[in-house]
Amino acid sequence: MTATTRDVSVVIATYNRTEALRGLLLELADQTVERGRYEVIVVDDGSKEDARPKLAGLEAKLDLQVLRQENAGAAVARQRGAEAARGKLLVFLDDDMRVERDFVEAHLAEHRVDETADAHGQLARRVVLGRLRAETKIESMPLFERFYARMLDRLAHEAAAGHELTGSQLYTGNVSLPRELFFAAGGFDATLRLIEDVDLGVRLAKAGATFGLSHRAASVHGSDHVSMERWLERSRKDGVYTTRVARKHPGSADASPWRHLGKVNLLSRPVLALSVALPGVAGAIGALAIRTAQTADKIGLSRLAIHGTVLVYGIQYYRGVREETGGPADVVREYRAFRRGLRNLEASAAREGLLAMIRADHQALLASQEKYGGRAASGRRLAVDAVQNIGFQTMIGVRVMRAMRDSEVPLGAKFVSRILRHAYGSDVHWDAEFAPGVVLVHGFGLAISPAAKIGPGCILFQGVTLGLGRDPDSGATGGPTLEPGVQVGVGSVIVGPVTIGARTKVMANCTVVRSVPADSVVEAAVPNVRTRPARG
């Protein structure tokens, strides 16, 4: 690392929050990462009072630059900070945040996986959202701040549950990404006063970025917003600017303002549709709804109050969408375009998922051939094995059948099932779950029940049955689960809700009705061989 570079640059755009900013900078000065590895760049976006004099002296505590510009919006301020940054990793942080001592270290740790990837020639494309937590005094904050806290909590719970984050969920209050990736995606759009984070997120996704959420790299959000009127206006502008962002990315369902309609409850949808069709009437309903929510909050019905606030945000948002879109005909046209884009996106994702599964199966096939066949098969092409290897052909058929089932084309799934039955003598149900990287040796005579689950790296020989059945001890019914790396030999039968532990080998002609621990060998009884009587 040269004297002019850093590992991390923390970029903070600020506007009229000097006191809160000073507290944040003192926390950033007390980090577990040594001072020479990171810098902090503050861009004052035309605050009424110049922030520089009030921040004087902090340069002695941390590597700090304070820049000032005429008021141009957060996007311009953050872009200027990124351009002045010397760090390989950019961390964008809002000026009303509070952070722990390991904040910078936590963001660095999230990107070390990409350092490993670079060693193999892959471009680092990881974007990490730091968890945003509300202040402990959240209950005393305005309703709309509690609404935002609820939305952030929901996002964190979805990420924890394994839901893949998308570019439209990017926020710039606490996020880190490689500087190279930021500029490759084009940085912030200076023409956007709002929703510039969503626009950047969509472009990052197009550049191949992946998105994750870190609980360790969290920050505490303390807001000084108190005006309900300003929040209502901001909600309307969110709809306006989201529509502008959508126009920048035609065909991208993730950028469309209509993407939210499928996520709200059924009772809210008519009201949101009214916001688009008759924005004036919806505005009056929204004004009544927010007063009702505030009253409910005062008498202790906080949950009802939050639900009312969510509805009001949706009303204002779609009023803004209508304002920016134009007349009713324009609304119908753009909504139909969104639906077409969504169908195309789903079809594309299904195709990519199918191909990824087949590629994983082929790699597993090559690995098994090298290990057990005694031949170097690493150079074999997928297309060649799709023609010459019967087991791989069967696996491709299983993948196509499952893809049709997942795409809600049941007749197509059943048709492929019949092809497998007549062509290969295998009865594989479309509901059976096959993880990526499964090998079928020969592929003939399989009987796989709808409740069967086959893990990655499993190898099934011909004549294997994974059937529905009843547990002889508990009486429960179900199908077998094969953990990763299980091998099932020729003619073996596994029945019922049993689990075959990882890396277990079930030898030929076994019947298994109870679970087996990992790393086991299951053998059938040795045949009794005796001398055949002589014939007279």
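The values are calculated or read from the model by the stated rules, or taken from the named source; none is laboratory data. Because the structure is predicted, anything quoted here is derived from the model rather than measured. Counting neighbours? That spans all protein chains shown, and the Cβs are built from the backbone with ideal geometry, glycine included.
Below are the figures for this structure:
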read-out: Residue selected from region 459-474 under the condition assigned to a loop (DSSP other than H, G, I, E, B) and of a type in the set (G, A, S), by the criterion nearest to R514 (Cα to Cα); value: S474
read-out: Flag for G87 being on the phi > 0 side of the Ramachandran plot and touching a strand residue (DSSP E or B) at 6+ places or on another chain (Cβ under 8 Å); value: no
read-out: Residues within region 289-343 that are of a type in the set (K, R) and closer than 19 Å to K237 by Cα, tallied; value: 2
read-out: Any hit, region 179-188, residues being of a type in the set (D, E), crowded, with 16+ Cβ neighbours inside 10 Å and assigned by TED's automatic domain parsing to the domain that holds V10; value: no
read-out: Residue selected from region 437-458 under the condition surrounded by fewer than 22 Cβ atoms within 10 Å (Cβ to Cβ) and not in a loop (DSSP other than H, G, I, E, B), by the criterion nearest to the chain's Cα centre (by Cα); value: K453
read-out: Number of the exception - T136 against (1) in a loop (DSSP other than H, G, I, E, B); (2) within 22 Å of the chain's Cα centre (by Cα); (3) without any contact (Cβ under 8 Å) to a residue 12 or more places away in the chain; value: (2)
read-out: Selection count where residues are within 20 Å of L28 (Cα to Cα) and β-branched (V, I, T), scope region 64-94; value: 2
read-out: Those residues of region 10-51 which are touching a residue at least 60 places away in the same chain (Cβ under 8 Å) and closer than 22 Å to A72 by Cα, in sequence order; value: V10, V11, I12, A13, T14, Y15, R17, A20, L21
read-out: Matching entry among A367, A360, A386, A423 (being modelled with pLDDT of 85 or more, part of a helix (DSSP H, G or I) and in contact with a Pro (Cβ under 6 Å, 6 or more places away or on another chain)); value: A360
read-out: Residues of region 429-463 satisfying the condition of being of a type in the set (V, I, T) and within 17 Å of I358 (Cα to Cα); value: V438, V439, V441, I454, I459
read-out: From R535, R530, R503, residue being farther than 23 Å from I419 by Cβ, part of a loop (DSSP other than H, G, I, E, B) and either touching a residue at least 12 places away in the same chain (Cβ under 8 Å) or of a type in the set (S, T, Y) (or both); value: R503
read-out: Given (1) outside any helix (DSSP H, G or I); (2) modelled with pLDDT of 85 or more, number of the condition G374 does not satisfy; value: (2)
read-out: Residue under evaluation L132, criteria (1) in contact with a Ser or Thr (Cβ under 8 Å, 6 or more places away or on another chain); (2) surrounded by fewer than 18 Cβ atoms within 10 Å (Cβ to Cβ), criterion not met; value: (2)
